[in-house]
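Novice: A single structure is presented below for examination.
The values are calculated or read from the model by the stated rules, or taken from the named source; none is laboratory data. Just so we're clear, the structure is a prediction, and the values are computed from it rather than from any experiment. Note: ideal-geometry Cβ built from the backbone for every residue, glycine included; neighbour counts use all protein chains shown. Side chains included, ligands, DNA and RNA excluded: accessible areas come from the protein's heavy atoms. Shrake-Rupley method; radii C 1.70, N 1.55, O 1.52, S 1.80 Å.
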Amino acid sequence: MAAKLRKGDKVVVLAGKDKGKEGTISSVDPKSGKCIVDGINMAIRATRQSQESQGGRIPKAMPIDLSNLALKDANGKATRVGFKMDGDKKVRFAKTTGDVI
C-alpha cells in the first residue's frame with residue numbers, strides 16, 4: 001500500500017489535544033501507523049546528564065496516529081489524499097483542489 005502521508009508533508013491535526021494545529025512530518029513508522037510531527041503531541045521526558053548533553057526535563061514530540069492527521073492543501077485547508085496515474089507514474093493528489101502533491 002502506498003503511503004498517503006510522507007516525511008516532509010505539511011499536515012493539520014484533526015483530533016486530540018492538539019486539534020487544529022499544523023506542523024511538518026519529521027518521521028513516519030508505517031508498521032505501527034504513526035508518525036512524529038514537529039511541535040505536536042509534546043511530552044516532557046526526563047534525561048540523565050552526560051558529557052554531550054545537559055540533563056533535565058526535555059520536551060519531546062511523541063508519535064501521533066496517521067488517522068488523526070490530514071494533508072494541508074494549497075489553500076491551507078485539510079484535504080484527503082488520492083492516487084492517480086500521471087502518464088506511467090503513480091502520483092498523489094489533493095482531493096479538494098485536484099493538485100498533484
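Novice: At a Cα cut-off below 15 Å, give the aspartates and glutamates reachable from K90, other chains included and same-chain residues fewer than 8 away excluded.
Specialist: Leaving aside aspartates and glutamates fewer than 8 places away in the same chain, those within reach of K90 are D99.
Novice: What are the equivalent ellipsoid semi-axes of the chain, built from the alpha-carbon gyration tensor (square roots of five times its eigenvalues), in whole angstrom, biggest first? Walk me through the numbers on the way to the answer.
Specialist: Working: eigenvalues 202, 45, 24 Å².
Equivalent ellipsoid of the chain: 32, 15, 11 Å, largest first.
Novice: Name the lysines eligible as straight-distance cross-link partners of K84: C-alpha to C-alpha under 22 Å, and not fewer than 8 places from it in the same chain.
Specialist: K4, K7, K10, K72, K95
Novice: Provide the FRET efficiency to the nearest 0.05 for the S26-M85 pair, computing r from the beta carbons and using R0 = 22 Å. Working shown, then result.
Specialist: On the way: r = 30 Å, r/R0 = 1.35.
For R0 = 22 Å, the calculated efficiency reads 0.15.
Novice: State the percentage of accessible surface on the chain attributable to carbon and sulfur atoms; use a 1.4 Å probe and exclude ligands, DNA and RNA. Write out the running numbers ahead of the final one.
Specialist: Working: 3510 of 7030 Å².
Ligands and nucleic acids excluded, carbon and sulfur give 50 percent.
Novice: Between T24, T47, T79, find the one with the highest GNM mean-square fluctuation for the chain; connect C-alpha pairs within less than 10 Å.
Specialist: Of the options given, T47 has the highest mean-square fluctuation.
Novice: In addition: Order E52, E22 by their accessible area, 1.4 angstrom probe, all chains in place, largest first. Numbers along the way, then the final one.
Specialist: Working: E52 160, E22 100 Å².
Most to least solvent-accessible, the answer reads E52, E22.
Novice: Please report the relative contact order for segment 23-92, taking Cα pairs under 8 Å with a sequence separation of at least 6, and give it as a percent rounded to a whole number.
Specialist: Working: 94 pairs, mean separation 15.1, N = 70.
With pairs under 8 Å counted, the relative contact order is 22 percent.
Novice: Another question about this same structure. Determine the sum of side-chain charges near E22: Lys and Arg each +1, Asp and Glu each -1, restricted to other residues whose C-beta is under 9 angstrom from that of E22.
Specialist: Working: positive: K10, K21, K72; negative: none.
In short, +3.
Novice: What Kirkwood radius, in Å to one decimal, follows from the Cα pairs of segment 37-85?
Specialist: Working: mean 1/r = 0.0713 Å⁻¹.
Value: 14.0 Å, from the Cα pair sum.
Novice: For M85, M62, M42, what's the largest-to-smallest order of accessible area, 1.4 Å probe? Can you show the working numbers first?
Specialist: Details: M85 125, M62 50, M42 75 Å².
Largest accessible area first, the list is M85, M42, M62.
Novice: Taking all protein chains together and a probe of 1.4 Å, list R57, R48, R92 from the most accessible to the least accessible. It would help to have the intermediate numbers written out before the result.
Specialist: On the way: R57 185, R48 210, R92 20 Å².
Greatest to least solvent exposure: R48, R57, R92.
Novice: State the Kirkwood hydrodynamic radius of segment 1-60 in Å, one decimal place, computed from all pairs of distinct Cα atoms. Mind dumping the intermediate values first?
Specialist: Details: mean 1/r = 0.0747 Å⁻¹.
The answer is 13.4 Å.
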